Amino acid sequence: MAVKFYQAQNQVPLEMHKVRMVQKISLLPVEERLKRIQEAGNNTFLLQNRDIYLDMLTDSGVNGMTDLQMAAAMRADDSYAGSETFTRVKEAVKEVFGTENVLPAHQGRACENILSSALVKPGQTALMNFHFTTTKAHITRMGGTVEEIIADKGLLPQSDDPFKGDFDLDKLRATINEKGAENIAFVRVEAGTNLIGGQPVSLENMLAVTDICHDNKIISVLDASLLQDNVYFMKTREARCKYMDIKSIYHLLADHFDIIYFSARKLGFAKGGIITSKDAKYTKMMMEYIPLYEGFLTYGGMDVRSMEAMAQGLYESLDMEYINQGPEFINYLAKELHDYGVPVVLPAGGLGCHLNAGAFVPELPHNEYPAAAVAAALYIAGGIRGMERGTLSEQRNPDGTEPYSELELMRLAVPRRVYTLSQLKYVADRVKWLWDNRTLIGGLEWVEEPTVLRFFSGRLKEKGYWQEQLAEKFRKDFGDSL
Ligand code: F0G
């Protein structure tokens, strides 16, 4: 139940936890920030944490753990085989999903490697609402291709549609007919669709997708990494879920999907990865790859303390007072910005608040990487680290041409239980300043471009001297403020 404020105008999202451990962070002067981002090749992945005030790169593995998670980590059993820790992880997965077949892996993309190694044959296609960077890289590495079946509404940066991650079901049926079920490796539903702004998929749509898969004898896969936020949106936006308890939603999904995998850096607020299924035939198909790539079947490359924290984190993912925190903070930030006129993805989703860089700097072409330019500019403006989620995060086609991303987004992830509302207000303030000075933002060009997952380690430089001008304008407007 939400806590209502006596003065409605003062209503803010209210935490149902208190903070008992803190970590010092620092904010460098703007001249230093300018230097640091240029040294980092204008790639926020290459910034050093000591140079960052608010790290909003990701919500992966950086969420605040609970006292019970920390306590659980202390009793870990690190036996190589048959570890009690793994038994406890299995119990937690069974409680949350109702499944008994559990494979461990070191993180989400390791699950994707196993899944692709076992299920993708050269020439096959994996259908999905939307790709994720690491998912696509693993499927294409196996000689497969990815096709997105997102409903048109998903690509509208702003709308009031509650479930922009939904599949276009007619298109899904037509694509299966056209390609033939035998040419489809699997259909993957990504909960809390990351690259379109953390947008949820409705329960109704997820179940319809699994029915279509079942009718066509195609394996259905749920990427549950962002399922926690997605379940929050099902509960608050979908009539049929309002009175369902949270656990019964997770269980219903596990009854319908053949395979579920997730990054426990997100679901479970710890580190690691899990693949699970109701029917042992699916885990058997993948099992042999675990000792090969990850580690023995009772740890899968994970540290046992993280596994214990994950098990506790999974139980906590059933608690509305915990799972509402991310979406409500994100909504608060998105609303602050939208009310000022800043183009953000609406409705606000999970994971983070997404600036629509395409509309922020509309004159910048895709191949000057508008979302990366806005990310570099925001670091200069406020020591805030966001992440490019646009053309730069795509991979080049085999012929070297560049696929332009439909959405050029700059993501400000909101790690859960880490930053306060005053810090989010600071973020909003610096983004608003940047919006008012957006004509100063220019493009970026490559200095070093890696061939695989180039966004992680590629280096770029500014076109012209816009970054120096932006820093000078900051100094002029803010005087001697940091
Ligand atoms: N699937 C989704 C939907 C994800 O968001 C991620 C990671 C993965 C799979 C891969 O998991 O990182 O544990 O290997 N997303 C992170 C992010 C990296 O910042 O959005 P991983």
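The values are calculated or read from the model by the stated rules, or taken from the named source; none is laboratory data. Every value quoted in this text rests on a predicted model; they were computed, and no experiment measured them. In this analysis, Cβ positions are derived from the backbone assuming ideal geometry, glycine residues included, and neighbour counts consider all displayed protein chains. These accessible areas exclude ligands, DNA and RNA; they are computed on the full protein's heavy atoms, side chains included. Shrake-Rupley method; radii C 1.70, N 1.55, O 1.52, S 1.80 Å.
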**Prompt:** In segment 286-305, what count of residues is obtained for those that are under 13 Å from I274 (Cβ atoms), assigned to a helix (DSSP H, G or I) and not β-branched (V, I, T)?
**Reply:** 2
**Complete:** How many residues of segment 438-473 are touching a Leu at 6+ places or on another chain (Cβ under 9 Å) and farther than 17 Å from Y369 by Cα? The answer is 5
**Complete:** Going through segment 171-206 in order, the residues found to be among the polar types (S, T, N, Q), more than 16 Å from the ligand (Cβ to nearest atom) and over 15 Å from A151 (Cβ atoms) are N177, N183
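Per-residue answers, yes or no, for (1) among the aliphatic types (A, V, I, L, M); (2) surrounded by 19 or more Cβ atoms within 10 Å (Cβ to Cβ); (3) touching a strand residue (DSSP E or B) at 6+ places or on another chain (Cβ under 7 Å):
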| position | (1), (2), (3) |
| --- | --- |
| L27 | yes, no, no |
| T44 | no, yes, yes |
| D51 | no, yes, no |
| M70 | yes, no, no |
| K94 | no, no, no |
| S116 | no, yes, no |
| A126 | yes, yes, yes |
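Given the condition within 16 Å of the ligand (Cβ to nearest atom) and either outside any loop (DSSP other than H, G, I, E, B) or farther than 22 Å from K281 by Cα (or both), answer yes or no: does some residue in segment 67-84 qualify?
Keep residues of segment 67-84 that are within 16 Å of the ligand (Cβ to nearest atom), which gives none.
No: zero hits.
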**Asked** Which pairs have Cβ atoms under 8 Å, sit 6 or more apart or on different chains, and link a residue in segment 354-365 that is among the aromatic types (F, W, Y) to one that is open to solvent by 40 Å² or more (accessible area, probe 1.4 Å)?
**Response** F360/R438
**Prompt:** How many residues are under 23 Å from E238 (Cα atoms), buried (at least 16 other Cβ atoms within 10 Å of the Cβ) and either under 17 Å from the mean Cα position of the chain (by Cα) or among the hydroxyl-bearing types (S, T, Y) (or both) if we restrict to segment 158-196?
**Reply:** 13
**Message:** Could you list, ordered by first residue, the pairs with Cβ atoms under 6 Å in which the first is in segment 108-133 and within 24 Å of L292 (Cβ to Cβ) and within 11 Å of the ligand (Cβ to nearest atom) and the second is open to solvent by 10 Å² or more (accessible area, probe 1.4 Å) and not in a helix (DSSP H, G or I), at least 6 apart or interchain?
**Reply:** G108/S225; G108/S263
**Message:** Give me the residue from segment 252-286 that is among the hydroxyl-bearing types (S, T, Y) and under 23 Å from the mean Cα position of the chain (by Cα) and, out of that set, nearest to the ligand (Cβ to nearest atom).
**Reply:** S263
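What residue, of K247, K235, is more than 28 Å from A334 (Cα to Cα), surrounded by fewer than 20 Cβ atoms within 10 Å (Cβ to Cβ) and away from the ligand (no atom under 14 Å from the Cβ)?
Working: K235 fails: more than 28 Å from A334 (Cα to Cα).
Being more than 28 Å from A334 (Cα to Cα), surrounded by fewer than 20 Cβ atoms within 10 Å (Cβ to Cβ) and away from the ligand (no atom under 14 Å from the Cβ) holds for just one of K247, K235, which is K247.
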**Complete:** Exception for G301 within (1) open to solvent by 30 Å² or more (accessible area, probe 1.4 Å); (2) more than 14 Å from the ligand (Cβ to nearest atom) falls at (2)
